[in-house]
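Please read the structure below before turning to the comments.
Bear in mind these aren't lab numbers, they're just calculated from the coordinates by the rules spelled out. Computed from a predicted model, the values in this text were never measured in an experiment. Quick reminder, even Gly has a Cβ in these numbers, built from the backbone with ideal geometry, and neighbours come from all protein chains shown.
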Amino acid sequence: MSAATAAAAGYTLAAGPVRAEVVTTDTSGLTVGDGKAKVADGEMPVYFARPEGKANPPVILVAMEIFGLHEYIKDVTRRLAKLGAFAVAPDYYYRKGVDLTKITDTKELMPIVNAKPDAELMSDLDATVAWAKSQGGDTSRLGILGFCRGGRSVWEYAAYSDQLKAGVAFYGSLVDPANPAWPKSPMQLAPEMKAPVLGLYGEADQGISVAQVEQMKAALAAAGKTAEFKIFPGAPHGFHADYRPSYRADAAQAAWSDMQGWFKTYKVLD
């Protein structure tokens, strides 16, 4: 896929070249669109997908990567809707007034996303839940799924929310760099986890070592928290991101199956 074609299709270019063989999920049997969730200082854009004709579907939040609300994240939202969920991806970086998918340089992107305070992020996720409930979603069966930075958001929200039933973190960071906007890393929050989380990680992840994953696993076990981890042999960071060269089909498909099983176990999905 050429850079122009990728950009026209709504993919970010900051992540590098876009694969031509991206996974595309159609909208048949779904209602999809854009909405606005009320937040303390305005209205936050969200993208949603839900099964047509299904009353009170469970709600799954989709926490995006650092690259904005682009087509891959929207496609994941549609995939979840095909499983019977009311899936919602909030655009919680919208306050910066720039479309992150249009930024081509990661160095330009990082200061924007790193300035997002965790307190504001948690409030934005709560606002997304409230919006989904107002649209007929069953928030008594609430899940969250996230990738990369969004995977970190899964851990953070699982330690924060009393309403969450289960989370699935795809290669979410576990230890943070120093940042006054982020009071505690997921590792530090291990004793505070309120919902069970499934962590899906790549053995060849250059940023999150297997040793670090094992440390998180031990911290959660010591605190008596419910969590499971799966480490995919040879898989790099971003192995589920089918638009990037990091994509590994076998690991991505197995992880997607694991995710479904986790959400079914905790009654998020039927």
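Per-structure values
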{"item": "Cβ-defined net charge surrounding THR27, 15 Å radius [Lys, Arg +1; Asp, Glu -1]", "result": "+1"}
{"item": "Shape category assigned to the stretch 153-270 from the gyration tensor of Cα positions, a/c cut at 1.5", "result": "oblate"}
{"item": "Net charge, GLY68 excluded, C-beta distance under 9 Å - Lys, Arg +1, Asp, Glu -1", "result": "-2"}
{"item": "ARG19 long-range amide H proximity, modeled H, under 5 Å", "result": "ARG244"}
{"item": "Antiparallel bridges, percent of DSSP beta bridges restricted to the chain (to nearest 5)", "result": "35 percent"}
{"item": "Axial C-alpha extent at least 20 Å, average Kyte-Doolittle at least -1.0 - helices from the chain (DSSP)", "result": "118-134, 249-265"}
{"item": "Sequence-separation-based contact order of the chain, relative, with Cα cut under 8 Å and 6+ spacing, percent", "result": "18 percent"}
{"item": "Out-of-range pairs (alpha-carbon distance over 31 Å; input LYS107/LYS133; LYS74/LYS184; LYS184/LYS230; LYS102/LYS230)", "result": "LYS107/LYS133; LYS102/LYS230"}
{"item": "The stretch 13-62: C-alpha gyration tensor shape, a/c 1.5 cut-off, then a/b vs b/c", "result": "oblate"}
{"item": "Residues whose placed amide H lies under 5 Å from that of ARG141, excluding near-sequence neighbours", "result": "VAL59"}
{"item": "Residue-averaged 222 nm ellipticity for the chain, from DSSP H runs of 4+ at -39500 (n - 2.57), nearest 500", "result": "-10000 deg cm²/dmol"}
